[in-house]
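Reviewing the structure listed below.
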Amino acid sequence: MRHLFPTDRIAGLLDADRGLTAEEVEERRRLYGSNDILGDRNSGWGNIARDTARDPMVWLLVATAFLFAWLGDFIEASVLALALVPIAGMDAYLHRRTQATTEGLAGRLTTQARVLRDGGPRDIPSAELVPGDLVIVNESESFPADGVLVAGANLQADESALTGEAMPVRKRAFKGAAEEGETFLDNEYWGAAGTRLLTGEARLRVVFTGGETLYGEIVRFAREGQQERTPLQNAIGTLVAGLVVIAVLVCVALAATRYYQGFGLLDAFLSAVTLAVAALPEEFPVAFTFFLGVGVYRLARRQALVRRAVVVENIGRVTCICSDKTGTITEGKVALANSLPVEEIDSVELQRCAAIASRPGSGDPIDVAVLERAAGPTETLLATFPFTEDRRRETSVVRDGDSGFLVAAKGAPETIFSMSSISPEEKTTWLAKTEELAGAGRKVLACAKKNLNHWSGEEPDQGYQFLGLLAFVDPVRDGVREAVAKAQEAGIRVIMVTGDHLTTAAAIAREIGLGGETPRIIEGEQLQGLVSSRELEEFDVVARAIPAQKLDLVRALKASGEIVAVTGDGVNDVPALQGADIGIAMGERGTRAAREVASIVLLDDNFRTIVRAISEGRQLFRNLKLSFAYLLMMHMPLVATAALVPFAGFPLLYLPMHVVWLELIIHPTALLVFQELPASNKLDPVQRNRKLRFFSWQEWTLIASIGTLVIAMIVVGYARSLGNSNDVEHARSMALVALVVASATMTAGLTRLRSQSSVIAVLATIGSAVLLVQIAPLARLLHLSPLHLDDWLIAGLGGAIVASLAIFIPSLGGKREVAV
């Protein structure tokens, strides 16, 4: 990676000893501003409340609740008020996320900096830094801004949070002459805000501060990310708004018609109120909210913590997973993978000498990995000659026995070979092994030792005994290969995006089965060209990717119709996590910034959990579809017959108490029965279409047909029972029983009685009809009369037809599934 280097900012300041004067600091602060990387942190609950109030769904619920209260139905008003709490809460959390993200990013930044000013060192708040400042950064400290390294030896930095690279990055001071104007500087000469110096003491000449740093760009990406309303939210909002408008118009028309027909003002008002209670579609947003809560709970059981409930809808629609490598596909730590000693040496001795040549507490991941496998030197340590870019080795001298000395060295294979007494043939053989391991994505070090009777205090550079090779790797997590295979079999595209070198990326891709033996790999710079030309070709891996390129990839995939899930754990993943349809962060090893911006946090950091979460999300979406199908098939006949019968000049079909009875059946069935349907252990093949089709045209046809059938059953049953005697109570009982039985058989057909709650709901629904209609005292209280046996047989036959049709709705669109 290379960095933009506008040399005019530090003209004449490449000297490693010259700091700024107070006058220069003030002038540069006026020109470039302060080093406020996080920018304006406009938080506050007042702003959150204003953002939340812009959601029309919230105001729809508020208005509907007030309407029910005005009509005197305080039970319905209370239900809506309770439903308002989680919906408004989700919106408030959504608008709070940007603030939480900023706070999470702040945790990676240093607040103090030591600079040279006016001829001496001083400690200042890092926000007061300006371009041109000379900053002294000690071991284990973070860089407070972006700039060029002008002094320092044996420098290594941890850049994993910005680049995803798990290995330490070697750094060195820039000694060349800077070209005038804007040029580019290699990463080895650059220090970036938010990264940490592992070894040595560095002097950094600040070039970029505040929002111009790479870290500042990440903050900007996070803040600019648009949180679009999900397709299902838009669909439900449109459906509810349309139903409300229709309900209001029909209520007004019914009241006017009844008054015109001569039934009086009270009858007209009662007709409108009854129809309003039946027609207002509060169940749809309530059911949506309830199912989201159920989804959050179910995904938590799958080790996926949902931080934004509305993404439960989208998780089941994912068609593409863009996965970070380090910490997501791999464990995010360096481990010793291979130990290849020469024939006369065993692995124990090889690792022991490597441990002697390692420094405990250095923070170098390689040293940590070596010392995890072998204890550090128990002998008296006399001297250490640390790794540098010029030396490319690290050497330690310990006392061996009473009078001898042991020198142990580890480093680049070519360097150790040149120090060792091995033949040209042996060197060729070991070089081939080195290249083979490097081609498999391993970082390879060679080890050697030398025994001395006398030691001059200098580092020996020849005559070593070559001991063998050590290969290090960031191990792949358990279950990732199987999860990738299952996702791909179901048609979900998996792309690995990493800042690593092509060789390492290719090795990991082969190991997890991504792209077979020859995964298709492009570099981040190539991706920019593909995105710009809108000609995204098929590829499996993007290597050497920077945060802006990851975000470009996500945007391009979304524009091409993919539903994109992005996984990651570092600050470098924040823009892509923010821009994706589903941002998935790692819970155990993820940075706070990644967890705060993500929609879902994996509690077990296992890629396999993503596939299981997709399966759970799809089942939840199917369950919600069944619930909405039931609500539509019940509301159509309820509203239609409540309006048609009075419009025709007959007495009111339903009284308010009858609507309450029906609602006590509809609400629990829609909310409780369908959400309990068990998740399948299968994963349907995906359909790449960002436009949500909640119901297919076949499903709409069935829903409309069943609704029309129930309407016909109610009207015919009402007319038959009314007869010449004009027995309104008997006719009303017949209509209600027909609708109640249809509700029970709809439930049976849609659920196929796969859960205990569905069986209970069916029995309770029919039982309520028998109880309230056939027991004469209760029937009289409800203005009903008991039915005859033939009435029940007719209702039962109609219900059987409804069930025989409803059973096909869950089967429509069914395809081959993949076991998960």
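The values are calculated or read from the model by the stated rules, or taken from the named source; none is laboratory data. Just so it is clear, the model here is predicted, and its values are computed rather than measured. No Cβ is skipped: glycine too gets one built from the backbone with ideal geometry, and neighbour counts run over all protein chains shown. For the accessible areas, the whole protein counts, side chains as well, though only heavy atoms, and no ligand, DNA or RNA atoms are used. Shrake-Rupley method; radii C 1.70, N 1.55, O 1.52, S 1.80 Å.
Here are the numbers for the structure shown:
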| quantity | calculated |
| --- | --- |
| K333 being under 27 Å from V497 (Cβ atoms), open to solvent by 40 Å² or more (accessible area, probe 1.4 Å) and not polar (S, T, N, Q) | yes |
| Residue selected from the stretch 357-372 under the condition over 29 Å from D402 (Cβ atoms) and either of a type outside the set (S, T, Y) or modelled with pLDDT of 80 or more (or both), by the criterion farthest from the chain's Cα centre (by Cα) | E372 |
| The stretch 471-504, residues that are more than 29 Å from R618 (Cα to Cα), among the hydrophobic types (A, V, I, L, M, F, W, C) and at pLDDT below 85 | L502 |
| Members of the stretch 624-638 found to be of a type outside the set (A, V, I, L, M, F, W, C) and open to solvent by 10 Å² or more (accessible area, probe 1.4 Å), listed by number | K625, H635 |
| Among (1) over 23 Å from A483 (Cβ atoms); (2) modelled with pLDDT of 80 or more; (3) open to solvent by 10 Å² or more (accessible area, probe 1.4 Å), the one test that E596 misses | (2) |
| Of all residues making up the stretch 191-242, the number that are modelled with pLDDT under 70 and aromatic (F, W, Y) | 1 |
| Within the stretch 426-440, considering residues that are assigned to a helix (DSSP H, G or I) and among the hydrophobic types (A, V, I, L, M, F, W, C), the one modelled with the lowest pLDDT | A438 |
| Any chance F621 is open to solvent by 20 Å² or more (accessible area, probe 1.4 Å), part of a helix (DSSP H, G or I), of a type in the set (A, V, I, L, M, F, W, C) and within 15 Å of E313 (Cα to Cα) | yes |
| Index of the failed condition, D390 passing every other in (1) part of a loop (DSSP other than H, G, I, E, B); (2) under 16 Å from G468 (Cα atoms); (3) of a type outside the set (S, T, N, Q) | (2) |
| Qualifying residue in the stretch 106-116 (condition: modelled with pLDDT of 90 or more and either assigned to a helix (DSSP H, G or I) or farther than 30 Å from D186 by Cβ (or both)) | no |
| Test set (1) at pLDDT 65 or above; (2) of a type in the set (G, A, S); (3) at positive phi - A22 fails condition number | (3) |
| So L431, is it over 24 Å from the mean Cα position of the chain (by Cα), surrounded by 22 or more Cβ atoms within 10 Å (Cβ to Cβ) and of a type outside the set (S, T, N, Q) | no |
| The stretch 25-45: number of residues that are modelled with pLDDT of 60 or more and of a type outside the set (D, E, K, R) | 9 |
| Checking A543 against (1) in contact with a His (Cβ under 7 Å, 6 or more places away or on another chain); (2) touching a residue at least 60 places away in the same chain (Cβ under 8 Å), the condition it does not meet | (2) |
| From L620, L644, L655, residue being touching a His at 6+ places or on another chain (Cβ under 8 Å) and modelled with pLDDT under 85 | L655 |
| Single match in A748, A735 (criterion: in contact with a Phe, Trp or Tyr (Cβ under 7 Å, 6 or more places away or on another chain) and either small (G, A, S) or buried (at least 20 other Cβ atoms within 10 Å of the Cβ) (or both)) | A735 |
| Residue selected from the stretch 379-406 under the condition over 46 Å from the mean Cα position of the chain (by Cα) and without any contact (Cβ under 8 Å) to a residue 12 or more places away in the chain, by the criterion most open to solvent (accessible area, probe 1.4 Å) | D402 |
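Yes or no, residue by residue, for (1) modelled with pLDDT under 80; (2) surrounded by 14 or more Cβ atoms within 10 Å (Cβ to Cβ):
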site: V660; (1), (2): yes, yes
site: P678; (1), (2): yes, no
site: W697; (1), (2): no, no
site: T701; (1), (2): no, no
site: G707; (1), (2): no, yes
site: L739; (1), (2): no, yes
site: S743; (1), (2): no, yes
site: R754; (1), (2): no, no
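Yes or no, residue by residue, for (1) part of a helix (DSSP H, G or I); (2) of a type in the set (V, I, T):
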residue: Q549; (1), (2): yes, no
residue: E562; (1), (2): no, no
residue: L577; (1), (2): yes, no
residue: E596; (1), (2): yes, no
residue: V601; (1), (2): no, yes
residue: D604; (1), (2): no, no
residue: S615; (1), (2): yes, no
